[in-house]
Amino acid sequence: MIALAALFALATALDPDPALATAAREAKVALVARHGEAQRARVERGVGQVVLYWRADDGDAAAFRAFVDEQFLSDPAALDATLGRLEEALEQIDGHALQVNRELARHAVLEIGPTVPADGLLAAFDAGAHVTEDLFASKLAFAALLNFPLTTLEERLRDGPAWTRQQWAEARLVGRVSARIPGPVNQAAAKAYADAQAYVADYNIWAFHLVDAGGARAFPRGKRLLSHWNLRDEIKASYGQPAALERQRTLQKVMERIATQEIPLAVVNNPAVDWNPATNEVRPAPAGTVETGATPPAQASAAREPDTRYAQLLSLFRAARAIDPYSPLAPTAIARKFEVEREIPEARVVAMLEEILNSPLVPRVAERIEKRLGRPLEPFDVWYAGFRPRSRLPEAELDGLTRSRYPTAEAYAADIPRLLEGLGFTPEKARFLAAHIAVDPARGSGHALQAAMRGDKPHLRTRIGKDGMDYKGYNIAVHEMGHNVEQVFSLYGVDHTLLSGVPNNAFTEALAFVFQARDLELAGQGKPGADAERLLALDAFWSAFEIAGVALVDLRAWHWLYAHPAATKAELREAVVGIAREVWNRYYAPVFRTRDVPLLAIYSHMIEEPLYLADYVLGHVIAAQLEERFRAAGKVGPEFERMATFGSLPADLWMRNATGEPLSTRALLENARRALEAEKG
Ligand SMILES: [Zn+2]
């Protein structure tokens with residue numbers, strides 16, 4: 001454990017200003033003399049915490065001394081009042097910044113008329129970008145650090161179960177200013193992330209130009225597949241279709257060439273060259289096969305992509321390293337992800353990944369899939385999608401149903417109380433929630449935008465086509481409405497706004513999936529039968545098994561980076577591909593009976609949003625636990641409210657309140673085991 005005392009010693013050792021160290025020593029003596037011996041521990045800690053973050057431009061030793069003398073409090077009533085003031089202030093600052101951003105981005109994101117080029121600039125404007133810097137510059141951050149304790153995750157997990165809500169609010173307040181990252185370092189990181197996102201967003205494979213040795217094409221003209229999402233979804237959608245195997249094998253090879261960077265650079269986002277992924281040959285596309293707007297080159301180069309994929313990851317790593325020294329409690333990107341963002345120790349998450357990967361259910365479910373496919377598994381079957389139950393109505397009929405019910409965003413908004421009553425909320429609660437959710441017509445596929453202060457409303461952005469909301473739009477709207485309902489409860493229903501929210505992103509998504517899973521039922525299509533439930537349990541298990549390996553590759557890549565900070569992009573590529581093969585050989589090869597497959601390194605998240613992938617696994621784990629509870633309750637509404645008003649406490653505490661047990665893979669694995677046994681019998 002990183003004891004805070006050790007951190008303070010480190011800060012003093014690094015501190016180049018002996019005058020500040022002397023001022024801190026004298027301040028402690030004076031404060032103990034003034035506030036009494038009983039305050040010694042608080043004085044030592046508070047002054048130490050201020051020293052940890054104080055910089056020369058905050059003032060000289062005399063200014064430091066004057067500040068701590070004036071701001072240190074020992075009277076409990078004054079401390080409570082100060083916490084209240086700072087809590088109110090942050091609600092105002094965050095709430096208004098969010099509101100400003102939402103208003104500035106309206107034209108870019110909402111379907112409310114033609115845009116002008118400046119709309120993109122307005123959407124990128126962030127009124128809250130400099131809040132942390134301003135909290136330090138105004139010394140509000142120092143007032144918090146002087147009076148309330150900084151905590152490590154280990155301390156929060158060990159002592160937190162006995163804390164009052166007030167103590168949790170204090171921990172959240174100080175946690176908010178536990179990293180003081182200079183503006184230019186933050187800007188450099190934002191630039192690295194924007195570059196990585198741009199690289200990923202433009203990485204398309206033109207499927208019509210994938211050819212076999214005889215020049216035959218397996219995909220229709222015009223099909224453009226964004227790596228990795230569309231490539232993976234095309235594999236999933238191909239099951240049961242003509243030429244499925246041929247297409248799926250081709251797409252697997254494409255993914256492997258991307259991960260290993262053997263892919264010819266000329267074929268990336270280029271509809272003017274043909275490529276045979278099996279042999280890696282490229283040639284100009286024949287006239288007449290080229291999509292409009294592109295011209296085939298005279299010659300096509302077979303030169304491989306020069307490890308640009310890994311150069312992007314390397315630049316994110318360098319951005320993280322630049323932040324590390326300014327985040328003393330969580331001094332690596334890995335620590336920040338697990339200890340600050342997720343608040344679940346890394347070892348705990350890895351143990352859950354391994355419980356799934358090592359589960360004795362893996363060979364049994366694999367066998368079940370082989371039986372359904374009538375052939376041995378191939379590596380791309382990590383994305384087997386055949387357990388998804390089909391809806392009773394064809395999608396075209398569902399489209400008709402939702403289009404006629406929801407011709408406009410207003411029509412959906414007007415139906416929210418009925419939908420929520422269908423989920424078991426009382427009529428009053430449903431009306432309260434509907435009155436606190438604003439519905440807007442989105443340009444994109446739909447999203448939920450939270451509110452950060454009471455008096456403001458979360459926004460549901462939903463996609464309405466010109467003849468109304470299609471089924472896909474409705475399915476997404478129900479998911480996003482789940483986010484909005486959680487947002488209303490966790491803002492309006494929680495006792496401290498410093499505690500609003502849920503433990504982390506995986507919980508947010510799991511709660512939204514509870515709504516989404518009931519979309520057909522809410523559209524009057526009846527509850528899924530026992531068969532469908534069993535299939536869903538197997539689908540959740542196999543999806544968790546797939547993404548657990550991917551998450552492990554992502555995590556191990558970052559450990560390798562921290563162990564090899566001077567690595568080149570080529571060394572990083574070799575390392576990541578090696579890790580992907582190791583993870584494959586250990587957990588997947590036994591059921592796929594093929595070794596050294598690099599497929600698990602294909603996810604684009606690794607390149608643009610590193611260390612995120614484990615949240616998908618946690619999402620499956622959490623959803624299974626919550627569903628068990630909702631099933632026992634017979635409805636969603638009251639339990640959902642009880643869970644969502646608990647606030648953003650760490651995962652185990654939240655889950656104990658929600659379901660009576662800590663976060664655990666038990667429900668996910670048990671559901672799959674029961675499904676296997678029921679199918680057998
Ligand atoms: Zn979501």
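Read-outs throughout are calculated quantities, based only on the coordinates presented, and are distinct from any laboratory measurement. The structure presented is a predicted model; accordingly, all values stated were derived computationally and were not measured. All Cβ positions, glycine included, derive from the backbone under ideal geometry; neighbour counts span all protein chains shown.
Rounded to the nearest 5, the antiparallel percentage of DSSP beta bridges internal to the chain is 70%. Note on Ala30/Arg642: beta-carbon distance plugged into 1/(1 + (r/R0)^6) with R0 of 60 Å gives a FRET efficiency of 0.80.
When each of the peptides 43-55, 156-168 is scored by the mean number of other C-beta atoms lying within 10 Å of its residues, the order from highest to lowest reads 43-55, 156-168.
Roughly how many debye, to the nearest 20, is the charge dipole of the chain about its Cα centre, given +1 on each Lys and Arg Cβ, -1 on each Asp and Glu Cβ, and no other charges?
Roughly 1420 debye, rounded to the nearest 20.
Here the spin labels are modelled as points 7 Å beyond Cα on the Cα-Cβ line, and at Leu121 and Ala194 they lie 1.3 nm apart.
At a Förster distance of 41 Å, what's the computed FRET efficiency of Ala278 paired with Ser445, Cβ-Cβ distance as r, to 0.05? Write down the numbers at each step before the final one.
Details: r = 34 Å, r/R0 = 0.83.
Computed FRET efficiency for Ala278 and Ser445: 0.75.
When the Cα positions of Gly444, Ala517, Leu423 are compared along the charge dipole of the range 395-522, Gly444 comes out farthest toward the positive end, with charges on each C-beta of Lys, Arg, Asp and Glu.
Treat every Asp and Glu Cβ in the range 199-305 as -1 and every Lys and Arg Cβ as +1, leave all other atoms uncharged, and give the resulting dipole magnitude about the Cα centre to the nearest 20 debye.
Values: 12 positive and 11 negative charges, 39 e Å.
I would put it at about 180 debye.
Each of Leu265 and Ala298 was given a label point 7 Å from its Cα along the Cα-to-Cβ line. The distance between the two points is 2.0 nm.
Taking the Cα centre of the chain as the origin and placing charges on Cβ (Lys, Arg +1; Asp, Glu -1), which of Leu145, Leu618, Val254 is farthest toward the positive end of the dipole? Value: Val254.
Which whole-number percentage describes the relative contact order of the chain, with Cα contacts under 8 Å and a sequence gap of 6 or more?
Working: 961 pairs, mean separation 94.8, N = 681.
14 percent.
With each label modelled as a point 7 angstrom along the Cα→C-beta vector, the Ala129-Leu226 pair spans 2.4 nm.
Between Ala56 and Ala287, the contour length at 0.36 nm per residue exceeds the alpha carbon distance by 76.5 nm.
Mean residue ellipticity, 222 nm, helices only, the chain: the sum of -39500 (n - 2.57) across DSSP H runs of n ≥ 4, divided by residue count and rounded to 500, is -18000 deg cm²/dmol.
At 0.36 nm per residue, minus the direct Cα-Cα distance, what do Gln39 and Glu395 gain on full extension? Give it in nm, one decimal, please. Intermediate results must be reported in sequence, preceding the final value.
Working: separation 356, 0.36 × 356 = 128.16 nm, distance 6.75 nm.
In short, 121.4 nm is gained.
Database remark: amide H of Leu225 closer than 5 angstrom to the amide H of Ile205, Trp206, Ala207 (H placed geometrically; neighbours at sequence offset of 5 or more, or on other chains; Pro and chain starts carry no H).
Residue-wise HN-Hα couplings along the range 95-111, as the Karplus relation 6.51 cos²θ - 1.76 cosθ + 1.60 with θ = phi - 60° gives them from phi, are x, 6, 4, 5, 5, 4, 4, 4, 5, 5, 8, 3, 5, 6, 9, 9, 7 Hz; Gly and Pro carry x.
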